[in-house]
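Asks: Mind having a look at this structure? Questions to follow.
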Amino acid sequence: MVVLLAAGVLAAGCQGSVDVSTDSETQAQATPSPAAESDRAHLELLDAFAQAWNRHDADALMSMMTDDCVYAASAGDDVHGRRYEGQEAVRASFQAIFDAFPDAQWNDATHFVGGDRGLSEWRFTATAADGGRIETNGCDVFTFRDGRIRLKNSFRKNRPPVPDR
């Protein structure tokens, strides 16, 4: 699901499809503002980004991020988690996640956008190296620049592996 926050309007749709009007006649007469078009493009970017995560496609992910991108992981010794800067470091960190969790998925993604900021909520599922099942909610807070992701700041619940059912 995607949600568009623009000019005080809140509208929801699915799979990158967002209709910000409530009346078809108004929609036909309205010309989207540059801000609304930018928000729509950012929603489409976040939807494609989420799909690339579920494909474990590091090339696609990096094509959607700026050359000077930053990834602040949800875990690490620093207050902001572990921080990776630049295409090479960010790519390596993403690949390490895919290697550690070959079956990882980020499901039930919902995206919110307003200006140069965005947020994606998701449910992470994977199998840990010891065979334990991981299932936890999380979110990413994004900053956009020039139609790409400049910052991906990740947060997730700290939950132990789920026992087999």
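Asks: Taking segment 45-96 as the search range and keeping residues that are of a type in the set (S, T, N, Q) and touching a strand residue (DSSP E or B) at 6+ places or on another chain (Cβ under 7 Å), which one is nearest to C139 (Cα to Cα)?
Replies: Ranking the candidates gives S74 first.
Asks: Ok, one more. State whether one or more residues within segment 32-51 are in a loop (DSSP other than H, G, I, E, B), in contact (Cβ under 8 Å) with a residue 40 or more places away in the chain and either surrounded by fewer than 17 Cβ atoms within 10 Å (Cβ to Cβ) or not basic (K, R) (or both).
Replies: Looking for residues that are in a loop (DSSP other than H, G, I, E, B), in contact (Cβ under 8 Å) with a residue 40 or more places away in the chain and either surrounded by fewer than 17 Cβ atoms within 10 Å (Cβ to Cβ) or not basic (K, R) (or both), one finds none in segment 32-51, hence no.
Asks: Let me ask you something else. Conditions: (1) among the aliphatic types (A, V, I, L, M); (2) within 18 Å of the chain's Cα centre (by Cα); (3) at pLDDT 95 or above. A89 meets all but one. Number of the miss?
Replies: (2)
Asks: When you go through D78, D130, D68, D146 one by one, which is the residue that is touching a residue at least 40 places away in the same chain (Cβ under 8 Å), more than 21 Å from D57 (Cα to Cα) and of a type outside the set (A, V, I, L, M, F, W, C)?
Replies: When all the criteria are applied, what remains is D146.
Asks: Any residue at all in segment 137-145 that is exposed (fewer than 14 other Cβ atoms within 10 Å of the Cβ), out of contact with any Ser or Thr (no Cβ under 8 Å at 6 or more places or on another chain) and modelled with pLDDT of 95 or more?
Replies: So far as segment 137-145 goes, yes, one or more of its residues are exposed (fewer than 14 other Cβ atoms within 10 Å of the Cβ), out of contact with any Ser or Thr (no Cβ under 8 Å at 6 or more places or on another chain) and modelled with pLDDT of 95 or more.
Asks: If you go through segment 125-140, how many residues are within 12 Å of the chain's Cα centre (by Cα) and farther than 16 Å from M64 by Cβ?
Replies: Total meeting the criteria: 2.
One line per residue, one yes/no per condition, for (1) among the aliphatic types (A, V, I, L, M); (2) modelled with pLDDT of 95 or more:
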| residue | (1), (2) |
| --- | --- |
| Y71 | no, yes |
| H80 | no, no |
| R83 | no, yes |
| Q95 | no, yes |
| A104 | yes, yes |
| V113 | yes, yes |
| S120 | no, yes |
| A129 | yes, no |
| G132 | no, no |
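Asks: Can you tell me which residue among D164, D67 is modelled with pLDDT of 95 or more, of a type in the set (D, E) and either under 29 Å from A36 (Cα atoms) or loosely packed, with under 15 Cβ neighbours inside 10 Å (or both)?
Replies: D67
The values are calculated or read from the model by the stated rules, or taken from the named source; none is laboratory data. A quick note: this is a predicted structure, and the numbers were derived from the prediction, not measured. All Cβ positions, even for glycine, are placed from backbone atoms using ideal geometry, and neighbour counts span all protein chains on display.
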